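The values are calculated or read from the model by the stated rules, or taken from the named source; none is laboratory data. No experiment lies behind these values; they were computed from the predicted model shown. Please note: Cβ atoms are built from the backbone with ideal geometry, for glycine as well, and neighbour counts cover all protein chains shown.
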Ligand code: SF4
């Protein structure tokens, strides 16, 4: 047998052993569960104390993909108590969850590029792949290094990969509706290159960008201008004169459904205007069920009058951001990280989507008086219930309701 200095690719380890999962479930419950949230949900999702009503969306918070990713990360720590454990970027977009992993000694590595940090890893190290997945170059690197890999990529993300790989195999360019700077979209884009790396993709985020693509599909245009505009959003060697002939639309799983549908419609229309048929257009709606349920639940919640909406979650969370966009169309909506953002009745610290920064604003005047108010709360798929509970406590506290009243429900 010939000797090789190359580390062997490790077989995947099953960290979800029954003995381990019993402990993991208890730990996860302790960190993220909220009995108050469960009680309010069981009571129909609404609670009134004094002049303050808090209404919860029918669906919010942790999705199945996030729960699974957290379980696997916790399980990895138990199965490998003495190994170094690394994580590509963040497990999910929530500061509270990521802080818990840091406390468990799990070290986050850069996810935007394969930095020199990866060269320091060896066969005894464990690398956790986050729920968003990771680009193929990262997966190849950690497998070459022979690390133990705990892959928490959500099944719904993998469905998108299957689709864009299929497009690449058939010579179809993937138009990906997503954020170019988001982990999931980067991971998906790498799969759109196909097994042989010869495939192509173009990432669009806004309707304005979509219109630029549609104009080129329909009428052609200034090739260099187009390439400059999409320089960081297109595959290497992308040529709009060649690679927009056959296109397939896919999306980041957490986008706003109405926007994704509009993008699909516009791209289709431009292909039909050029070719006289939709033969060179394919579409696959890849918004995940959990994102859809949370958006639908918020639309439903907004059918009844409310004074104010809080959306709780990480500021870099895509699905949470879209909940904020939906809320903003109907009522004063504040995107908060956690209860600490609710500084006082005079001031709220929140993320302003339009300014791309955290700012402090005054509450709507209705909150200051003693008149009855209804406050809605929802949260993205990466937000644990304990953060919702803290927010509920804080709102009641600011409105003059004693903690003990709520604790006693
Ligand atoms: S938001 Fe959707 S795609 Fe993302 S982890 Fe949850 S279920 Fe999976």
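Do we have residue 128 as in the same structural domain as residue 80 (by TED's automatic domain parsing) and either in contact (Cβ under 8 Å) with a residue 60 or more places away in the chain or away from the ligand (no atom under 16 Å from the Cβ) (or both) here?
Working: in the same structural domain as residue 80 (by TED's automatic domain parsing): yes; either in contact (Cβ under 8 Å) with a residue 60 or more places away in the chain or away from the ligand (no atom under 16 Å from the Cβ) (or both): no.
Criteria not met by residue 128.
Counting only residues that are over 18 Å from residue 84 (Cα atoms) and crowded, with 17+ Cβ neighbours inside 10 Å, which one in segment 140-162 is farthest from the ligand (Cβ to nearest atom)?
161
Got a sec? Which strands (runs of 3 or more DSSP E) wholly within segment 212-313 have at least 1 residues that are assigned by TED's automatic domain parsing to the domain that holds residue 164 and within 16 Å of the ligand (Cβ to nearest atom)?
247-251
Pull up segment 163-182, narrow it to residues that are part of a loop (DSSP other than H, G, I, E, B) and within 15 Å of the ligand (Cβ to nearest atom), then point me to the one that is surrounded by the fewest Cβ atoms within 10 Å (Cβ to Cβ). Give the steps one after another, and end with the answer.
Of segment 163-182, the ones part of a loop (DSSP other than H, G, I, E, B) are 170-172, 178-182.
Okay, now just the ones that are also within 15 Å of the ligand (Cβ to nearest atom), so 178-179, 182.
Values: 178: 25, 179: 18, 182: 20.
Going through the qualifying residues, I end up with 179.
Can you spot a residue in segment 385-396 that is in contact with a helix residue (DSSP H, G or I) (Cβ under 9 Å, 6 or more places away or on another chain), more than 16 Å from the ligand (Cβ to nearest atom) and outside any helix (DSSP H, G or I)?
Taking every residue of segment 385-396 in turn, none turns out to be in contact with a helix residue (DSSP H, G or I) (Cβ under 9 Å, 6 or more places away or on another chain), more than 16 Å from the ligand (Cβ to nearest atom) and outside any helix (DSSP H, G or I).
Go through segment 248-269 and give me each residue that's under 15 Å from residue 211 (Cα atoms) and either out of contact with any helix residue (DSSP H, G or I) (no Cβ under 9 Å at 6 or more places or on another chain) or crowded, with 22+ Cβ neighbours inside 10 Å (or both).
Here is the first cut: in segment 248-269, the residues under 15 Å from residue 211 (Cα atoms) are 249, 259-269.
Across segment 248-269, the qualifying residues are 249, 260, 261, 263, 264, 265, 267, 268.
Exactly one of (1) outside the structural domain of residue 89 (by TED's automatic domain parsing); (2) within 16 Å of the ligand (Cβ to nearest atom); (3) in contact with a helix residue (DSSP H, G or I) (Cβ under 7 Å, 6 or more places away or on another chain) is unmet by residue 185. Its number?
(3) is the only condition that residue 185 fails.
Any chance segment 325-346 includes a residue that's within 16 Å of the ligand (Cβ to nearest atom), farther than 26 Å from residue 262 by Cα and part of a strand (DSSP E or B)?
The answer is no; no qualifying residue exists.
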